Amino acid sequence: MEPKFKPSLVETKISSFWEASKIFASKVDAAKKPFSIVLPPPNANGSLHLGHALFVFEDVMIRYHLMIGDQVLWLYGTDHAGIETQFVFEKQLRKDGKSRFDFDRETLFKMIWEFVENSRGQMKTQLKRLGFGLDWSREKYTMDKEIVQIVYQTFQRLFEKGLVYRAEKLVNYCTRCGTSFSDFEVNYIERQDPLYFIKYGPFTIATVRPETKFRDTALAVNPKDKRYREFLGKKIKIAGLLGPITMTVIADEEVDPKFGTGIMKVTPAHDPHDFELGKRYGLPVTPIITKQGKMDFSWFLEEKNAAAKYRLRAEKYQGKKVAEARKLMVEDLKEDGLLVKTDESYSHRIGVCYRCASVIEPLPLTQWFIKIRPLADQAKKLVEQEKIKVYPKRFKRRLIQILDNFIDWNISRQIVWGIRIPAYFCQSTKQWFVSSCTAWCVIKKGKK
Ligand SMILES: [Zn+2]
């Protein structure tokens with residue numbers, strides 16, 4: 001006997017024996033009780049990480065049920081992991097001094113495909129070496145033709161049932177990653193930023209984002225706020241950094257009279273609440289920040305009659321990054337005597353990208369959404385009736401809470417690597433809801 005345990009001598013022999021004798025390759029046997037688990041498919045973009053060791057729990061359950069005579073299936077698969085994979089690939093490109101913009105869509109797609117093909121094999125070997133009792137014979141990959149077809153069919157079904165729609169909404173956009181994200185992919189942090197009190201005609205407004213005020217469309221106050229009652233519905237003339245503007249004062253219950261001065265500028269293109277409020281009052285959505293996170297003053301620079309002073313200012317701001325432009329604007333507000341005061345200790349919650357920690361920019365984009373409420377309500381009913389059982393039991397309440405809070409889901413991503421949304425007028429957008437189709441894909445067979 002060897003004085004030291006040598007895994008290479010023992011383990012490969014045993015796992016090869018398991019594979020050769022097809023112990024874990026499930027055979028359909030109606031007489032036996034079925035027990036199946038779909039392996040949460042690991043991302044096909046590299047090697048396994050330590051977290052994958054948690055598959056051990058599934059392995060234990062599978063082996064237990066196999067030993068008591070159940071018919072078991074632990075289905076192996078890999079996830080193309082659209083955005084994740086594209087980012088890993090882009091990192092590699094950067095190492096070679098290249099970027100994704102050096103290639104056209106088709107070439108880039110092909111390159112990522114090959115990159116993934118290599119890492120997929122690597123991961124499978126690792127899982128085998130770990131001795132997991134997976135059924136390798138039924139391997140699924142989320143980019144398999146058959147899976148793509150099921151995803152398309154699912155999309156079509158949802159569309160026919162009126163559960164998919166395309167609309168312009170304010171979405172979470174990371175200007176660094178160049179894509180929108182769903183609400184689940186945004187992290188929130190508490191941050192201190194200066195709160196600027198700006199003279200706004202006869203009022204003073206408080207804002208952390210003076211750079212968006214060029215596209216304000218209205219002023220809103222709480223209808224119960226006595227201070228502003230006389231101004232309701234009136235048009236007010238306001239001195240701005242690019243010359244005087246006129247704005248209407250509207251009343252809305254949503255305005256918090258205790259925040260700042262109780263009067264709010266409405267910028268539908270850059271704030272989710274303002275967007276909703278703007279929809280209620282039919283206000284236009286006019287963005288001033290681009291998808292690259294830069295200021296866009298082209299709408300002003302196109303105006304031929306603009307005074308030279310204001311034109312110079314707009315030219316100065318044009319194309320600058322948001323934070324940089326903000327500094328310049330604060331200086332100009334001071335120069336014009338429009339900055340009343342600055343509260344340096346204002347703390348607020350902001351959304352940041354879960355990938356690169358950049359500040360998420362709410363931007364108006366036309367995207368595909370899934371109408372979640374009917375689906376979540378149905379799922380909730382099944383959980384409540386215990387047709388879907390939750391273990392441990394205390395998580396049932398939490399699951400119901402999550403289902404209760406679901407809002408419509410943005411499934412569009414502006415990436416190359418993934419399955420295209422099957423709609424002609426939306427060629428440039430990629431969708432991401434493949435992940436949510438996993439369970440459906442493994443039980444359903446695509447139409448030939
Ligand atoms: Zn990002």
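A few remarks follow.
- Subset of the stretch 64-90 [within 18 Å of residue 123 (Cβ to Cβ) and in a helix (DSSP H, G or I)]: 82, 84, 85, 86, 87, 88, 89
- Residue satisfying all of: in the stretch 4-51; among the charged types (D, E, K, R) and modelled with pLDDT under 85; surrounded by the fewest Cβ atoms within 10 Å (Cβ to Cβ) among these: 27
- Restricting the stretch 358-382 to residues that are outside any strand (DSSP E or B) and either β-branched (Val, Ile, Thr) or at pLDDT below 90 (or both), the residue that is nearest to the ligand (Cβ to nearest atom): 360
- Long-range neighbours under 8 Å by Cβ, at least six apart or interchain, first residue under 15 Å from residue 132 (Cα atoms) within the stretch 1-16, second of a type outside the set (Asp, Glu) and at pLDDT 85 or above: 11/129; 11/131; 12/129; 14/131; 15/128; 15/129; 15/131
- Residue ID - farthest from the ligand (Cβ to nearest atom), chosen from residues in the stretch 329-356 that are closer than 18 Å to residue 196 by Cβ and touching a helix residue (DSSP H, G or I) at 6+ places or on another chain (Cβ under 6 Å): 339
- Selection within the stretch 167-188: residues that are small (Gly, Ala, Ser) and within 17 Å of residue 370 (Cβ to Cβ). The member of this set that is nearest to the ligand (Cβ to nearest atom) is 180.
- Pairs linking a residue in the stretch 158-184 that is within 17 Å of residue 418 (Cβ to Cβ) to a residue that is within 16 Å of the ligand (Cβ to nearest atom) and in a helix (DSSP H, G or I), with Cβ atoms under 7 Å and 6 or more positions apart or on different chains, are 179/83.
- From the options 191, 100, 157, residue that is within 16 Å of the ligand (Cβ to nearest atom) and of a type in the set (Lys, Arg): 100
The values are calculated or read from the model by the stated rules, or taken from the named source; none is laboratory data. As the structure is a prediction and not an experimental result, all values here were calculated from the model. When we count neighbours, we look across all protein chains shown, and the Cβ atoms used for this are built from the backbone with ideal geometry, even at glycine.
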